[in-house]
Amino acid sequence: MSFSSHVACGVFIAFLGCLLLLQGAWSDAAGTERLNFRHSDDTLAGRLLLPETPGPHPAVILVHGDGALRWDAYGYYKPFIQALNDAGFAVYSWDKPGVGDSTGNWLNQSMQDRADEVATAAAKLRSDARVQPERIGLMGFSQAGWVMPKAIAQHSGFTFMVSVSGAINWIDQSKYTTRNRLRLEGATNAEIQKALVFDHMIVAMMDEDADYRTYSRFVKDAPACCRDSMSEDRWHFVKTNFQSDVRADLRKVDVPVLALFGDKDLNVDYAESASVYRDILTRTPGADRIVVLPRADHSLLPTETERLVTTGPALTKRLIAIDLFGADAFANDAPGLVARWVSSAQHQF
């Protein structure tokens, strides 16, 4: 998350309601079951997508990245779900709190809240006769890289983890995104440094638990690069989570891990993330694979040029491509890679 802008670095498909029309038919397709659950004070609207083969099935829980995401991430998940269903896995996902048919507000959540929510979803699945309760794994995207290791470290019963474009440290990620955003906008080195200093001052405000009014007054005097302020809900969300760092929880992960990154990712420092994953996971039990896909962006879509993954028309265009071309829209058959690895990993338990 860039502190100097409300554009979220981990947002795959947030606020793209125009794509709901494209996904409506698939939402009610055969094999898609509504399966809600309660967590905290919220009712979360879930979908369980079942293979055509007889059950019970091993299952994969999808864990969202940043943003106001529905259960299918407005179509982004569709090729992954199809590949996993074809491999014999049930797939479970839900609308974030306050999105779609779910109650609550996802911006009120900490990463701990999100990890507990995942554990509650897993408990719901284990009570379903169509699912093998001892064979449930996690697959998550971007911000989920902070959520899944925490869930696995604190709650038993998960059998594998697939992380797509997971970051290591929230503050470091913010710096990386800010540098790349401004560089692509043509900013000078001096302007980039000024923005990083400004971000550092916002971090200091969060450390001091500054309220939103104080933050808003501060942003009014920001340099030209950094006047796009967060909403009040977003400010509280970032202030709650800006100290997130995956290292401590990742050291406690004792299941097989597949970590996927793209070498054109400008949202997350893929080289640093891959290095940390390799270093930590070589010291933990479980068979692990760290893969950096060539010519792939933050969302594992192919690109020959540098680009940030944000909201807006460009991302809408990519989601339409996913709807039209399915797994072929991704770099290096990423959905197939995930399905093959998950099929192999489940046999280790």
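The values are calculated or read from the model by the stated rules, or taken from the named source; none is laboratory data. Because the structure is predicted, anything quoted here is derived from the model rather than measured. We place every Cβ from the backbone using ideal geometry, glycine too, and count neighbours over all the protein chains shown. To get the accessible areas, we keep the full protein, side chains included, count just its heavy atoms, and leave off ligands, DNA and RNA. Shrake-Rupley method; radii C 1.70, N 1.55, O 1.52, S 1.80 Å.
Whether any residue in the stretch 223-237 is within 29 Å of A334 (Cβ to Cβ), modelled with pLDDT of 95 or more and not polar (S, T, N, Q) is what I want to check. Show your work before the answer.
The first filter runs over the stretch 223-237 and keeps only residues within 29 Å of A334 (Cβ to Cβ), leaving 237.
Applying the additional criterion that residues be modelled with pLDDT of 95 or more yields 237.
Still in the list and also not polar (S, T, N, Q): 237.
Yes, because at least one residue in the stretch 223-237 is within 29 Å of A334 (Cβ to Cβ), modelled with pLDDT of 95 or more and not polar (S, T, N, Q).
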#### Entry: Residue that is modelled with pLDDT under 95 and out of contact with any Phe, Trp or Tyr (no Cβ under 7 Å at 6 or more places or on another chain), where the choices are S110, S127, S156
S156
### Query
So which residues in the stretch 245-275 are over 20 Å from G157 (Cβ atoms) and open to solvent by less than 20 Å² (accessible area, probe 1.4 Å)?
V246, A259, L260, F261, G262, D265, L266, N267, V268, S273, A274
### Query
Which of the residues belonging to the stretch 316-349 are open to solvent by 80 Å² or more (accessible area, probe 1.4 Å) and not in a helix (DSSP H, G or I)?
F349
### Message
Go through (1) crowded, with 23+ Cβ neighbours inside 10 Å; (2) not in a strand (DSSP E or B) for T53 and report which single condition fails.
### Response
(1)
### Query
Among the helices (runs of 4 or more DSSP H) contained in the stretch 166-255, which hold 1 or more residues that are over 30 Å from V292 (Cα atoms)?
189-207, 212-220, 232-241
